[in-house]
Amino acid sequence: MDVLSEVFAAVRFSGGVFLDAEFTAPWCVLSQVGPEEFHAQGRMPAHLIAYHYVVEGRMFVHIDDAPAIAAQAGEIVLLPNNARHVLGSALGLRAEVIDSAVQAPSELGPAILRYGGGGEPTRIVCGYLGSDSADNLLLKALPPLLKLGVRDGSGGAWLESSFRHAASEFGTSGSGSAAILGKLAELLFVEGVRRYLAALPEGQTGWLAGLGDRMVGRALALLHARVAHPWTTEELAQEVGLSRSAFAERFTNLIGMPPMRYLANWRLQLAAARLRESTAATAQIASEVGYESDAAFNRAFKRAFATTPAAWRKLRPDATAPRSTANNGQK
């Protein structure tokens, strides 16, 4: 498995679709996924990626003063950090808050919104991808907006027909098609990140840029392939053919943290995922991710997640969101 796939696997997305919206021009609305969308689940995930799939028509999307992007039927707009944003039929319109116009979901179908001035129609399906991995470097490295043509790339025709069919059914049948849309959105998000990585310009920094760097990318692959190995900065530098100082500077400039801090962060993310999904003893999980003692693992985990591994497992990560793992006691 490559590094990007491993990080995607550790994120553990859960998808949801909450709104079938039909607009008629002119229209312009403020949008952001909020806690009200999660009443049924009882909580809001630690990290949210919002998305809008355009079933029919076209729209503009923008965040704050950033340039707007245009999206049309067959395209999906992803907001990797669930930023508050504006959707509209044209630029320059005043954005309205129209939460009161949304018809609540029923047992027979999703929440519905019908809004606008009676002109050109646009239909969108709105959803989210949620994760309890709030400190994931991949999610932090992404831009505020990504647009993806569903029909583009390998398998695009199948994805487009599947997404379009599920979106059509969503408006009438609800839950079954919503689950399908959630899984398809996850596939599209992964594809969108891979395309974004492939198009990164020279001189870019961040986790994704580090993944594409020959030296740093090799080091990341080694860390992820042998996470329990007692790595040192010196050993990694030798593996990639650089001096210790040159490697440490290159890694830190691209990734935003030193190699050993990155490794400690990744070990704790893996441990949190293992605690969620397995019944293995805490000491075994600690050993699997590179801790020599259960006590050291417990201390580091509590600093990162504000709770003990045992409490995290008992409650599952529903009651708390991870804090920064910038200083978790590993050397």
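Couple of notes before you dig in:
- Being at pLDDT below 90 and surrounded by fewer than 16 Cβ atoms within 10 Å (Cβ to Cβ) is a description that does not apply to Ala272.
- Ala70 meets the conditions (1) over 17 Å from Leu181 (Cβ atoms); (2) assigned to a strand (DSSP E or B); (3) under 21 Å from the mean Cα position of the chain (by Cα) in every case but one. The failed one is (3).
- From the options Asn253, Asn265, residue that is more than 30 Å from Ile112 (Cβ to Cβ), at pLDDT 90 or above, under 19 Å from the mean Cα position of the chain (by Cα) and assigned to a helix (DSSP H, G or I): Asn265
- Search result, residues across segment 196-224 that are surrounded by fewer than 12 Cβ atoms within 10 Å (Cβ to Cβ) and assigned to a helix (DSSP H, G or I): Ala198, Arg214
- Scanning segment 248-269 for residues that are within 12 Å of Gly210 (Cβ to Cβ) and either in contact with a strand residue (DSSP E or B) (Cβ under 8 Å, 6 or more places away or on another chain) or in contact (Cβ under 8 Å) with a residue 24 or more places away in the chain (or both) yields Arg250, Phe251, Asn253, Leu254, Ile255, Gly256, Met257, Pro259, Tyr262.
- In the set Ala73, Ala50, Ala21, only one residue is surrounded by fewer than 20 Cβ atoms within 10 Å (Cβ to Cβ) and not acidic (Asp, Glu); that residue is Ala73.
- Test: residue in segment 229-242 that is out of contact with any Lys or Arg (no Cβ under 9 Å at 6 or more places or on another chain), assigned to a loop (DSSP other than H, G, I, E, B) and surrounded by 15 or more Cβ atoms within 10 Å (Cβ to Cβ): yes
- Options Ala50, Ala90: the member that is assigned by TED's automatic domain parsing to the domain that holds Asp20, in contact with a Pro (Cβ under 9 Å, 6 or more places away or on another chain) and closer than 30 Å to Gln269 by Cα: Ala50
- Unique residue being of a type in the set (D, E, K, R) and in contact with a His (Cβ under 9 Å, 6 or more places away or on another chain) when the list is Glu235, Glu249, Glu277: Glu235
- Filtered residue count, segment 82-123, keeping only those that are at pLDDT 90 or above and either of a type in the set (Ser, Thr, Tyr) or within 17 Å of Phe189 (Cα to Cα) (or both): 5
- Candidates are the residues of segment 1-31 that are over 15 Å from the mean Cα position of the chain (by Cα) and not hydrophobic (A, V, I, L, M, F, W, C); the one that is modelled with the lowest pLDDT is Asp2.
The values are calculated or read from the model by the stated rules, or taken from the named source; none is laboratory data. Being a predicted model, the structure only gives us computed values, none of them experimental. Cβ sites come from the backbone with ideal geometry, for glycine too, and all protein chains shown count toward neighbours.
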